[in-house]
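Below is one structure, written out as structure tokens, with a few remarks after it.
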Amino acid sequence: MSTIAIDRLPPETRDHPPLVTKIDDRRGSGGMWLFVITEAALFVLLFFSYFYLAQGGWTWPRETPPKLHFAIPMLIVLWASSGVLYWGEKQVKKQKHTAGRTALTVTILLGIGFLVLSFFEYREHLGSLKPTTDVYGSIFYTIVSFHALHVITGLLMLGYVSILPAWEPVDRPPHRPFHNASIYWHFVDLVWGFVVALLYVAPNVR
């Protein structure tokens, strides 16, 4: 229900809008969760493809496993950004928007830092393996590239939230933008944990 519709309500009901406004208030979060579920299904299929192409094992039968000196710092950066963003969301709920905006800015900078590290990791990795080298190169770069694309999407969401004039709670769309963007960002960070564990760490402990 829009602000105009609420203004037309009788005075005694304006402070207690109908249930439809509560449904509308949560609609964005529900939509984001559905979006995250579909994206999670995509990564599950990619990991299954990695498992299938590795002939039934999580450890790919290659002589030289991928190095960890970029992947682990990238994981630390992303998980640190999730912690900062979670703290910022708590501040926004307390109406401390300055602290929330600071947390959002730090999260965006950490996300950009992750992409910078990704660039150096790509450049080093391409020296010995290319997407066209073999089936391993194809599935490896497919997974990490899809994740990098999701990081960029998450940064665009956070950037959009940063320019909004008001955050939650608001009486018009987008409802709870900080919270909804946070859901997606935490999902992206979690996925990178699986990428590091399966594509980087597992081949090094065989």
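Looking across segment 106-130, the residues that are hydrophobic (A, V, I, L, M, F, W, C) and not in a helix (DSSP H, G or I) come down to L126, L129. Does segment 181-191 contain any residue that is in contact with a Phe, Trp or Tyr (Cβ under 8 Å, 6 or more places away or on another chain), part of a loop (DSSP other than H, G, I, E, B) and under 30 Å from P66 (Cα atoms)? No; the residues of segment 181-191 include none that is in contact with a Phe, Trp or Tyr (Cβ under 8 Å, 6 or more places away or on another chain), part of a loop (DSSP other than H, G, I, E, B) and under 30 Å from P66 (Cα atoms).
Based on what the data block shows, is G127 buried (at least 16 other Cβ atoms within 10 Å of the Cβ), more than 15 Å from V201 (Cβ to Cβ) and of a type outside the set (A, V, I, L, M, F, W, C)? It is false that G127 is buried (at least 16 other Cβ atoms within 10 Å of the Cβ), more than 15 Å from V201 (Cβ to Cβ) and of a type outside the set (A, V, I, L, M, F, W, C).
Selection within segment 171-180: residues that are of a type outside the set (F, W, Y) and assigned to a helix (DSSP H, G or I). The member of this set that is modelled with the lowest pLDDT is P177.
The set of residues in segment 146-170 that are at pLDDT below 95, loosely packed, with under 13 Cβ neighbours inside 10 Å and assigned to a helix (DSSP H, G or I) contains only Y160. Which is loosely packed, with under 14 Cβ neighbours inside 10 Å, farther than 18 Å from W192 by Cβ and under 21 Å from the mean Cα position of the chain (by Cα), of L34, L45, L104? Result of the check over L34, L45, L104: L34. Of the set (1) open to solvent by 50 Å² or more (accessible area, probe 1.4 Å); (2) outside any helix (DSSP H, G or I); (3) in contact (Cβ under 8 Å) with a residue 40 or more places away in the chain, all apply to T133 but (3).
The values are calculated or read from the model by the stated rules, or taken from the named source; none is laboratory data. Keep in mind it's a predicted model, so treat the numbers as computed, not measured. Ideal geometry is used to build each Cβ from the backbone, glycine not excepted, and the neighbour counts take in all protein chains shown. With ligands, DNA and RNA removed, areas are computed over all heavy atoms of the protein, side chains included. Shrake-Rupley method; radii C 1.70, N 1.55, O 1.52, S 1.80 Å.
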